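The next block holds one structure in the form of structure tokens; read it before the comments.
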């Protein structure tokens, strides 16, 4: 990827301009850091305010910003003007599509083999289950945000509905996981429709705010409806999943005893791993399938242009509701899985933080892209664990990585869109053309 | 004026707050004919269109659509998407509204949404891959292919609509509207931004829609060469009221029309007088 030689070369910025930029940046840094770093406050022994100044540190920070901005400005000139090369050359494009074609199957095979490869590493298995849970949540939310273009900031509500549906049905009535799983999905979808009716008249920012509020309402109801949900104490003693009726424990009729192998707690972990993998793949299969059906095309058309949809006789309300309900249903499945895996649920697990994390996965992955969402979940959840050794700098490094990715790929890891139907050849559609939707 | 009317607009009024956009407007569009709605800028043409296609709810008056079988539908009582779905009125937009991130073929498939939804058993049959749906999808692709051929875009079927040239986007939007298999096709300035050659191709396309498929067309247009060439009947509006109607020849010679255009814009007045002669 070499810039074309005919490209007009920007004249190098003069030294006074360079110094001026650096000076302005240093001034901003001085204002910003004067209170944060320049003055240190602490509560004294009797509760009084004690403070001392750290002007030395402040000066070094400001100097670093001054020097840094000169270096960055020089680097920028050396690399060349930004945004010069918007088009990806066909060779690179075909290379990416080649990798894209084999990346997904390779990832799937790797995922299938994870329990075999890391059988004795409980930590990795647990992390893999966590990643897969977020992959599934990401794929579920992708239907709402990525395909239909409806910004949903309260997705965790449906996750909570699913988790509590299973938790309460199983502890109160003793129903098995396999009966409760579809029920959890149906209940979550029902709540999706219930939320959808009043909310879907709203668009864009307004929709986002109301869904955010809905997520919080569900959490507050769970906290306060103590008779049913146990309030902040949560629901405990949720039954572990069984292998279609055969418990995975140390008892005589457990799976290990029946198969005549030695019992190990890892069996359950491996089972959970394959369970969430199957659920996630079900989500993926359904989404891919739905995209190629009229309903899925209508979702995407809705994201592209709602007015045109209405002019073509598409009922935008039911189309939005089905998107909401479908996404909510997958959230409910994931919630039921979460409940059975943890054995204990409480409102603390369903905070806005979770909604934001799942939404970040969808946006980072490239809205609408199944593979992108899976990669983003791996990067967000796995990457976060990767930086564990950095301790208190973990968030800083993670945040910086996110910012860099958003500069490098503003439309997500996989930004292009694959057409759902073609006559001669399916060619990827550049992300510049695909709309994000506006509610 | 005699013959079979597909659309009857009776004393239509549209007010936005205190502003009267359309007042006491009555006209009719004949079946299997092209009716043009013309007038200087700000005459209220697009407002009339939005009332007919359900984007505005008229403040007063009646809009009746009569289908081939004789059933009459009150359009002012239907809202939103139902006008396209039940009354079979399709429209295009002054500022093209395609789905830019979807391919040309996908655009035409979305237009067949309602038929395909029924065929897919409202998604459930389609999800399990029922053969009936596959048949229906094949037919939908055939219809879309047929339209891509008609508008001369077949070789670009798999390209994103957002990448098309302006004239191609206009033609694709008409094809998309036609894929809903409408009884009445409403075109809002279909020739805007087209060059002379593209305008001529557009005229040909609209005439073939009228003659071969028997679809009634209602259009707003400023390009008088197109209007005068293809229209069977012209309604002229100015300041929200109808000032004249008749055949292209009658309208062209009407002093009120010339005055309206002269008062509005000299170029357009000249175009009215020269166009189609």
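The values are calculated or read from the model by the stated rules, or taken from the named source; none is laboratory data. This structure is a prediction, so every number in the text was calculated from the model and none was measured. Heads up, the Cβs are rebuilt from the backbone with ideal geometry, glycines too, and the neighbour counts pull from every protein chain shown.
Structure values in brief
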read-out	value
Residue match in segment A:270-283 (condition: within 14 Å of another protein chain (Cβ to nearest Cβ), touching a residue at least 60 places away in the same chain (Cβ under 8 Å) and part of a helix (DSSP H, G or I))	yes
Strands (runs of 3 or more DSSP E) contained in segment B:159-260 and holding at least 1 residues within 14 Å of another protein chain (Cβ to nearest Cβ), in contact with a helix residue (DSSP H, G or I) (Cβ under 6 Å, 6 or more places away or on another chain) and over 21 Å from residue B:140 (Cα atoms)	B:184-188
Tally, over segment B:109-149, of residues that are under 21 Å from residue B:209 (Cα atoms), touching a helix residue (DSSP H, G or I) at 6+ places or on another chain (Cβ under 8 Å), more than 9 Å from chain A (Cβ to nearest Cβ) and surrounded by fewer than 21 Cβ atoms within 10 Å (Cβ to Cβ)	1
Residues satisfying the stated conditions in segment B:76-108, i.e. free of Cβ contacts under 8 Å to residues at least 60 places away in the same chain, outside any loop (DSSP other than H, G, I, E, B) and surrounded by 24 or more Cβ atoms within 10 Å (Cβ to Cβ)	B:83, B:103, B:105, B:106
Selection count, segment B:1-37, where residues are outside any strand (DSSP E or B) and more than 15 Å from the chain's Cα centre (by Cα)	6
Test: residue in segment A:186-208 that is surrounded by 20 or more Cβ atoms within 10 Å (Cβ to Cβ), assigned by TED's automatic domain parsing to the domain that holds residue A:337, part of a helix (DSSP H, G or I) and free of Cβ contacts under 8 Å to residues at least 40 places away in the same chain	yes
Qualifying residue in segment A:338-361 (condition: closer than 25 Å to residue B:123 by Cβ and under 17 Å from the mean Cα position of the chain (by Cα))	yes
Qualifying residue in segment B:75-82 (condition: modelled with pLDDT of 85 or more and closer than 25 Å to residue B:232 by Cα)	no
Failed item in (1) more than 16 Å from residue A:342 (Cβ to Cβ); (2) surrounded by 11 or more Cβ atoms within 10 Å (Cβ to Cβ), with residue A:227 passing the rest	(2)
Subset tally (residues that are surrounded by fewer than 21 Cβ atoms within 10 Å (Cβ to Cβ), over 22 Å from residue B:7 (Cβ atoms) and either under 12 Å from the mean Cα position of the chain (by Cα) or in contact (Cβ under 8 Å) with a residue 60 or more places away in the chain (or both)) for segment B:170-219	1
Test for residue B:127: is it over 19 Å from the mean Cα position of the chain (by Cα) and over 23 Å from residue B:37 (Cβ atoms)	yes
Condition check for residue A:384: in contact with a strand residue (DSSP E or B) (Cβ under 8 Å, 6 or more places away or on another chain), assigned to a helix (DSSP H, G or I) and either within 22 Å of residue A:281 (Cβ to Cβ) or more than 14 Å from chain B (Cβ to nearest Cβ) (or both)	no
Close pairs (9 angstrom Cβ cut-off, 6 or more residues apart or separate chains): more than 10 Å from chain B (Cβ to nearest Cβ) in segment A:304-330, surrounded by fewer than 23 Cβ atoms within 10 Å (Cβ to Cβ) and not in a helix (DSSP H, G or I) anywhere	A:320/A:200; A:321/A:200; A:324/A:200
Qualifying residue in segment A:285-293 (condition: within 14 Å of another protein chain (Cβ to nearest Cβ) and more than 30 Å from residue B:82 (Cα to Cα))	yes
Filter result (more than 14 Å from chain B (Cβ to nearest Cβ) and outside any loop (DSSP other than H, G, I, E, B)) within segment A:399-421	A:399, A:400, A:401, A:402, A:403, A:404, A:405, A:406, A:407, A:408
